[in-house]
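Right, one structure below, let's go through it.
The values are calculated or read from the model by the stated rules, or taken from the named source; none is laboratory data. Keep in mind the model is a prediction, meaning the values are calculated, not measured. Glycine gets a Cβ as well: all are built from the backbone with ideal geometry, and neighbour counts include every protein chain shown. Protein only, heavy atoms only, side chains kept; ligands, DNA and RNA dropped before computing areas. Shrake-Rupley method; radii C 1.70, N 1.55, O 1.52, S 1.80 Å.
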Amino acid sequence: QLQPVESGGGLVEPGGSLRLSCATSGFNLRGYAIGWFRQAPGKEREGVSCVSSRSGSTNYADSVKGRFTISRDNAKNTVYLQMNSLKPEDTAVYYCAADWSPLLDICTLVDKGPYGYWGRGTQVTVSS
């Protein structure tokens, strides 16, 4: 089965930038919608951003619009989440998830949606 692996997390100051990577070596990302989710301590997991399987259409949570950018490189079987202007409230474990969706050009930020393949997460901490 497809197993996403996240990387790129770490400690960054408020206003700084960080780029997360979601690698899926051995599997072609074509046909999969990819979503980024995050979970802070004591809070429920929430959708951050996603990119569809065909056209690359994207969705963003209101809290990150204008600051985060999702992109995919099918040749490298990798999806990225570029995070700019980071805020302390962005602190969370970030997860990459994949949804086998070769026919529907949609993606969703609903946590309990169609995503069936999940990574183990990478910690992002925004603090002075």
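Output the Kirkwood hydrodynamic radius of segment 1-73, Cα pairs only, in Å rounded to one decimal. Here the Kirkwood hydrodynamic radius works out to 13.8 Å. Surface composition of segment 32-119: carbon plus sulfur atoms hold 50% of the accessible area, using a 1.4 angstrom probe and ignoring ligands, DNA and RNA.
Placing pseudo-labels 7 Å out from each Cα toward the beta carbon at Ser25 and Ser85 gives an inter-label distance of 3.6 nm. Taking all protein chains into account, the per residue accessible area for segment 2-128 stands at 51 Å² (1.4 Å probe).
Within straight-line reach of Lys65, meaning a Cα separation under 24 Å, sit the following lysines at least 8 residues removed in sequence or on another chain: Lys43, Lys87, Lys112.
Can you compute the FRET efficiency between Leu103 and Asp62 using 1/(1 + (r/R0)^6), with r the Cβ-Cβ distance and R0 = 35 Å? Round to the nearest 0.05. After rounding to 0.05, the efficiency reads 0.80. When every alpha-carbon pair in segment 43-83 is counted, what percent end up more than 14 Å apart? For segment 43-83, the fraction of Cα-Cα distances above 14 Å is 50 percent. Taking a quarter of the surface of the Cα convex hull of the chain gives a mean projected area of 7.1 nm².
Say a paramagnetic label sat at a point 7 Å from the Cα of Ser55, along Cα to Cβ; which residues of segment 100-114 have their backbone N under 11 Å from it? Only 105-107 fall inside the zone, counting backbone N under 11 Å.
Over the chain, what relative contact order in percent results from Cα pairs under 8 Å that are six or more residues apart? Computed value for the chain: 38 percent relative contact order.
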